[in-house]
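Everything below concerns the one structure shown next.
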Amino acid sequence: MTKKIAFQGEPGAFSHAAANNLFPGEDAVGCVTFEETINAVQSGKADFAVVPVENSLYGRITDIHHLLPESGLHIIGDHYLRVEMTVLGVPGATLDDIKAVQSLSVALGQCRKFITEHGLRTINAVDTAGSAREIAQKGDKSVAAIASRFAGETYGLDVLASNIEDADHNTTRFLVLSRDEKHAPQGGNVKTTFVFRVRNVPAALYKAMGGFATNGINMTKLESYMVGGAFTATQFYADIEGHPDDQGVIHAFEELGFFTDYFRILGVYPAASGE
């Protein structure tokens, strides 16, 4: 039976491309917001969700850090997608025909050099995939979209220029979310994601982190954010390399427990290789 994979955005979005990479041949379902994406899995309308959690240029996706811990969903995998910008024109158009480019403002900002070199006018839009859809609908050879190659394939547009982004290291990390908890087995390259809150005592965070250092556990991510609108209530989101049943991780979590009043594992999954 075909599985339904929820993602945030229109068909052809980078999140859609990530979902397609992870679940080829399955039914990808676009959602307007991250809340709707997560709710699709919670309610059973979708089997899994693929959501962005961080980008190499812009850092964390704040909404996910707030929504995921309270969602009741579990991380069962991650995926790195290289964000490659392309100029997409209607069939038959050439780069010489293009006078203006349309895209999300952030995407336009990532391609300033190309836009300046070609003397193009910019048109701000809501998103990259939506821009590709609108360009396909208008059929104007003088206006192109800046979006993914996948968006071009989705809407039948021609690729007029590839890899036009200023930075060649723009990569987004995505998480795969499921209603069912599914821990990866010990061994191999395993990542564990968890959230915790430290007790309101001096040096609590410093002491809580000590167990990971003394037990040789590599922490690859540590993010803090407020919860409940209180300046004194800070929650931390962390990734480590290792499995909760590894002896070193067991000892590190035991030490963490002395200095925290809340702790929850969000997922134990095979770690994807970064690009």
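The values are calculated or read from the model by the stated rules, or taken from the named source; none is laboratory data. The shown structure was predicted, so the numbers you read here are calculated from the model rather than taken from an experiment. Every residue, glycine as well, gets a Cβ built from its backbone with ideal geometry; the counts of neighbours run over all protein chains shown. Accessible surface areas use protein heavy atoms only, side chains included; no ligands, DNA or RNA. Shrake-Rupley method; radii C 1.70, N 1.55, O 1.52, S 1.80 Å.
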Contour minus Cα-Cα distance for GLU181 and ASP166 (0.36 nm per residue): 1.4 nm
Please enumerate, by chain and number, the lysines with C-alpha under 19 Å from the C-alpha of LYS207, excluding those fewer than 8 residues away in the same chain. LYS221
Show the residues, 5+ positions off or on another chain, whose built amide H is closer than 5 Å to the amide H of CYS111. ASP166
Of PHE263, PHE114, ordered by accessible area with the largest first and a 1.4 Å probe, the sequence is PHE263, PHE114
Taking only Cα atoms of the stretch 157-275, radius of gyration then Dmax in Å: 17.8, 59
Debye equation applied to the C-alpha atoms of the chain, log10 I(q)/I(0) at 0.07 Å⁻¹: -0.31
Under 5 Å from the placed amide H of THR171, counting only residues 5+ away or on other chains, we find SER56, LEU57, VAL83
Roughly how many nanometres apart are two label points built 7 Å out from the Cα toward the Cβ at SER56 and PHE263? 3.4
To make sure I understand the rule: partners must be lysines, Cα under 16 Å from the Cα of LYS113, and not fewer than 8 residues away in the same chain. Which ones qualify? LYS99
Roughly how far apart, in whole Å, are the Cα centres of the stretch 129-166 and the stretch 3-79? 23
How much length would be gained if the chain were fully extended between ASN218 and THR116, taking 0.36 nm per residue of separation minus their Cα-Cα distance, in nm to one decimal? 32.5 nm
When a/c is below 1.5 the answer is rounded, else prolate if a/b is larger than b/c, else oblate, so apply that to the stretch 6-153 with a ≥ b ≥ c taken from the square roots of the Cα gyration tensor eigenvalues. prolate
Spin-label zone in the stretch 1-18 - amide nitrogen under 17 Å from a point set 7 Å from the Cα of GLN42 along the C-beta vector: 6-8
Of the accessible area of the stretch 1-79, computed with a 1.4 Å probe and all protein chains kept, carbon and sulfur make up a percent value of 51
Give the lysines whose C-alpha is closer than 28 Å to that of LYS45, dropping any in the same chain fewer than 8 places away, or say none. LYS3, LYS4, LYS182, LYS191
Could you provide, to the nearest whole Å², the per residue accessible area of the stretch 18-69 with probe 1.4 Å? 45
Using θ = phi - 60° and the Karplus curve 6.51 cos²θ - 1.76 cosθ + 1.60, what whole-Hz ³J(HN,Hα) does each residue of the stretch 103-116 get, with Gly and Pro shown as x? 5, 4, 4, 5, 5, 4, x, 7, 10, 4, 4, 4, 4, 5
I need the fraction of alpha carbon pairs in the stretch 9-89 separated by more than 14 Å, rounded to a whole percent. 66
Pair TYR80, ASP63: separation of 7 Å Cα→Cβ label points (nm): 2.5
Tabulate in residue order the Karplus-calculated ³J(HN,Hα) for the stretch 57-67, using 6.51 cos²θ - 1.76 cosθ + 1.60 with θ = phi - 60°, rounded to whole Hz; enter x for Gly and Pro. 9, 10, x, 6, 8, 4, 4, 5, 4, 7, 7
At a temperature of 4 °C and a viscosity of 1.567 mPa s, determine how fast the stretch 73-202 diffuses translationally according to Stokes-Einstein, using the Kirkwood radius over alpha-carbon pairs as Rh; express D in µm²/s, rounded to the nearest whole number. 76
Under the rule of at least 5 residues apart or a separate chain, name every residue whose amide H is placed under 5 Å from the amide H of LYS191. GLY242, TYR269, ALA271
Counting only protein heavy atoms with a 1.4 Å probe and every protein chain in place, the carbon and sulfur fraction of the accessible surface of the stretch 132-275 in whole percent equals 50
Could you run the Karplus curve 6.51 cos²θ - 1.76 cosθ + 1.60 with θ = phi - 60° over the stretch 3-16 and give me ³J(HN,Hα) per residue in whole Hz, x for Gly and Pro? 8, 9, 10, 7, 9, 8, x, 7, x, x, 5, 4, 5, 5
